[in-house]
Amino acid sequence: LEEAEMGTEEIVPQPVKTIPAHFSTVHRATAEDVEKVFGLEKPGYFYVGEPLDMEGIQIYLNLGRFVERSSGVFGKSGTGKTFLTRMLLAGIIQQNAAVNLVFDMHNEYGWEGKAERGHRVKGLKQLFQSRVAIFTLDEESSRRRNIHPDFVVEISYDQIEPQDIEMLQQIIGLSDAAIGTAYFLHKQWGKDWLRNFLEADADLLKGMVEDYGQHSGVLSAMQRRLGILERFHFLKPKTLDNSVQRILEYIDRGMSVVLEFGRYSNSLEAYILVANYLTRRIHDSYVRRIEKAMGDKSAEPPHLVITIEEAHKFLDERVAQHTIFGVIARELRKYNVTLLVVDQRPSGIDEEVMSQIGTRVTCLLDNEADIKAVLTGIAGAGQLREVLARLDTRQQVLILGHAVPMPVVIKTREYGTPEFYKALGYLDKEELRVQLSENVALLRGEETEGFE
């Protein structure tokens, strides 16, 4: 305190360790009180909303700490998780806190999205232009929506490994024996194992039973269930480009990538396959590059935040120990990669993974198991449980964890208003024309200065 009073060190409010006694004098918090705790607007901080019943007082999220560890956006269906996530991603991009890879299951983050009242709102590409790239699995869908994607993602069958198929086990009903067979076939046939197996006729399957000792029932069921992959037009016999490398090139340039799923927006199988396939390889690249850099920050790749929806499908307690998303969550930011998970069923996420979620931004939850999961490891969970259950279904969230000094309930700022766009630096066509005219006039100078 002596150093702080002398001006050599900033006074930072510390968490309380005791509760005031009965009949202690209390005062209503002022704007200055809130600013002392949550900070003022400055680089690295993003305005997310106002405390309830304190209109005009702004709460800022420390984005550096938000991306430093994996974070989560939780809430029951219909509470605005998508709008909230889009706002947080916009703040991360605006403040250059990290580069994002967004697995956009329902085509809501990259280009236009639809608000609850039916009007359209701008996506990240429209707001940040050259700082965001749109990748797609379905070029035809993108063209129908007047979107010109930066890259069309295609995956060849010979790039699929058994680990990629293993993530689909619970979704398409593969048995443990079938997963074991996948690894066996990969060992026997090499990178063409999947295509060869899907194209195998009855005679070849019979030969596999005789030559390899495989169970005919397992082979038949496995081929039938994996047949769903043949409906995914982004899977090709051969590809001319490497989608993983393309994504990494954009990320290295500091551009966030939004991957739209187009016609596959309702296919959880496609979402899990592609998200797992790309993330495993991107993470492997990051591990190699971080270890090669040997502590040289300038040689390290940019910090990457990977956004996934339906997170409990990737982080279920049965698979979280083995999936790449579980690995990333437990690594904190060891290899410069963290997660932003979006989910309506946090109780479906492995407890160990939930304990590693640094900042939790939570909308209304009314399921006791979900509330308990979100508050895992949080001091004062009893009081916060009641707070969560009483939130409104719109624009009210509880933020707690690594990026805020104390839990706080806020009314979130509204995404999609002209004021919001302007705060992010977006200019519409008329404003761009005015700015261009002003810039031209500034370059030419005044006539009195002799410029024509």
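Checked across the stretch 179-190, the condition of being more than 21 Å from residue 215 (Cα to Cα), touching a residue at least 12 places away in the same chain (Cβ under 8 Å) and touching a helix residue (DSSP H, G or I) at 6+ places or on another chain (Cβ under 8 Å) holds for no residue. Those residues that are of a type in the set (Ser, Thr, Tyr) and open to solvent by 10 Å² or more (accessible area, probe 1.4 Å), I need them from the stretch 60-78; list them, please. Correct list: 60, 77. Open to solvent by less than 60 Å² (accessible area, probe 1.4 Å) and under 21 Å from residue 258 (Cα atoms): is that true of residue 327 in this structure? No; evaluated as a whole, the condition is false for this residue. Residues in the stretch 366-409 that are of a type in the set (A, V, I, L, M, F, W, C), closer than 24 Å to residue 114 by Cβ and over 20 Å from the mean Cα position of the chain (by Cα): 391 only.
If the requirement is being among the acidic types (Asp, Glu), within 30 Å of residue 127 (Cβ to Cβ) and open to solvent by 20 Å² or more (accessible area, probe 1.4 Å), which of these qualifies: 201, 176, 252?
Result: 252 is the single residue among 201, 176, 252 that is among the acidic types (Asp, Glu), within 30 Å of residue 127 (Cβ to Cβ) and open to solvent by 20 Å² or more (accessible area, probe 1.4 Å).
Residues in the stretch 151-203 that are within 24 Å of residue 315 (Cβ to Cβ) and in contact with a Pro (Cβ under 6 Å, 6 or more places away or on another chain): 182, 183.
Go through the residues of the stretch 260-267 one by one and say whether even a single one is touching a Ser or Thr at 6+ places or on another chain (Cβ under 7 Å), buried (at least 17 other Cβ atoms within 10 Å of the Cβ) and of a type in the set (D, E, K, R). Step through it out loud before you land on a result.
Filtering the stretch 260-267 down to residues touching a Ser or Thr at 6+ places or on another chain (Cβ under 7 Å) leaves 260, 262-263.
Right, trim to buried (at least 17 other Cβ atoms within 10 Å of the Cβ) and you get 260, 262.
Those still in the list that are of a type in the set (D, E, K, R) too: 260.
Checking the stretch 260-267: at least one residue is touching a Ser or Thr at 6+ places or on another chain (Cβ under 7 Å), buried (at least 17 other Cβ atoms within 10 Å of the Cβ) and of a type in the set (D, E, K, R).
Could you check, for the stretch 348-366, whether at least one of its residues is among the hydroxyl-bearing types (Ser, Thr, Tyr), out of contact with any Pro (no Cβ under 7 Å at 6 or more places or on another chain) and at pLDDT below 90? Yes, that holds for at least one residue. A count restricted to the stretch 357-391 and to residues that are polar (S, T, N, Q), buried (at least 17 other Cβ atoms within 10 Å of the Cβ) and under 13 Å from residue 344 (Cα atoms) stands at 1. Taken together, the residues in the stretch 281-304 that are farther than 13 Å from residue 335 by Cβ and among the basic types (Lys, Arg) amount to 2.
Scanning the stretch 36-55 for residues that are surrounded by 15 or more Cβ atoms within 10 Å (Cβ to Cβ) and either of a type in the set (D, E, K, R) or under 27 Å from the mean Cα position of the chain (by Cα) (or both) yields a count of 11. Taking the stretch 82-131 as the range and being more than 20 Å from residue 424 (Cα to Cα), modelled with pLDDT under 95 and open to solvent by less than 50 Å² (accessible area, probe 1.4 Å) as the test, the residues that pass are 104, 105, 107, 118. Of all residues in the stretch 307-325, those being outside any loop (DSSP other than H, G, I, E, B) and within 13 Å of residue 275 (Cβ to Cβ) number 8. Pairs meeting the criteria (first residue in the stretch 144-164 and farther than 24 Å from residue 175 by Cβ, second residue open to solvent by 60 Å² or more (accessible area, probe 1.4 Å) and at pLDDT 95 or above, beta carbons under 6 Å, at least 6 apart or on different chains) are 151/246. The requirement of being over 16 Å from the mean Cα position of the chain (by Cα), under 22 Å from residue 315 (Cα atoms) and without any contact (Cβ under 8 Å) to a residue 40 or more places away in the chain is fulfilled somewhere in the stretch 277-289, by at least one residue.
With respect to the stated conditions, residue 150 fails to be surrounded by 15 or more Cβ atoms within 10 Å (Cβ to Cβ) and touching a Leu at 6+ places or on another chain (Cβ under 8 Å). Under the condition of being in contact with a strand residue (DSSP E or B) (Cβ under 8 Å, 6 or more places away or on another chain), at pLDDT 85 or above and either more than 14 Å from residue 284 (Cβ to Cβ) or not acidic (Asp, Glu) (or both), the residues counted in the stretch 322-340 number 8. Taking the stretch 161-266 as the region of interest, the helices (runs of 4 or more DSSP H) fully inside it that hold 3 or more residues being closer than 21 Å to residue 150 by Cβ are 243-252. The residue of the stretch 278-316 that is nearest to residue 352 (Cα to Cα), among those that are in contact with an Asp or Glu (Cβ under 6 Å, 6 or more places away or on another chain) and buried (at least 22 other Cβ atoms within 10 Å of the Cβ), is 315. Listed by first and then second residue, the pairs linking a residue in the stretch 341-362 that is closer than 8 Å to residue 74 by Cβ to a residue that is outside any strand (DSSP E or B) and of a type in the set (A, V, I, L, M), with Cβ atoms under 6 Å apart and 6 or more places separating them unless they lie on different chains, are 343/311; 346/373; 346/374; 360/374; 362/374.
Being among the polar types (S, T, N, Q) and over 25 Å from residue 373 (Cα atoms), is that true of even one residue in the stretch 296-303? There is at least one residue in the stretch 296-303 that is among the polar types (S, T, N, Q) and over 25 Å from residue 373 (Cα atoms).
Every residue, every condition in (1) open to solvent by less than 60 Å² (accessible area, probe 1.4 Å); (2) more than 27 Å from residue 264 (Cα to Cα), yes or no:
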{"residue": "141", "(1), (2)": "yes, no"}
{"residue": "167", "(1), (2)": "yes, no"}
{"residue": "170", "(1), (2)": "no, no"}
{"residue": "193", "(1), (2)": "yes, no"}
{"residue": "217", "(1), (2)": "yes, yes"}
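The values are calculated or read from the model by the stated rules, or taken from the named source; none is laboratory data. Please read all numbers here as calculations on a predicted model, not as lab measurements. Using ideal geometry, Cβ is built from the backbone for each residue, glycine included, and neighbour counts are taken over all protein chains shown. Accessible surface areas use protein heavy atoms only, side chains included; no ligands, DNA or RNA. Shrake-Rupley method; radii C 1.70, N 1.55, O 1.52, S 1.80 Å.
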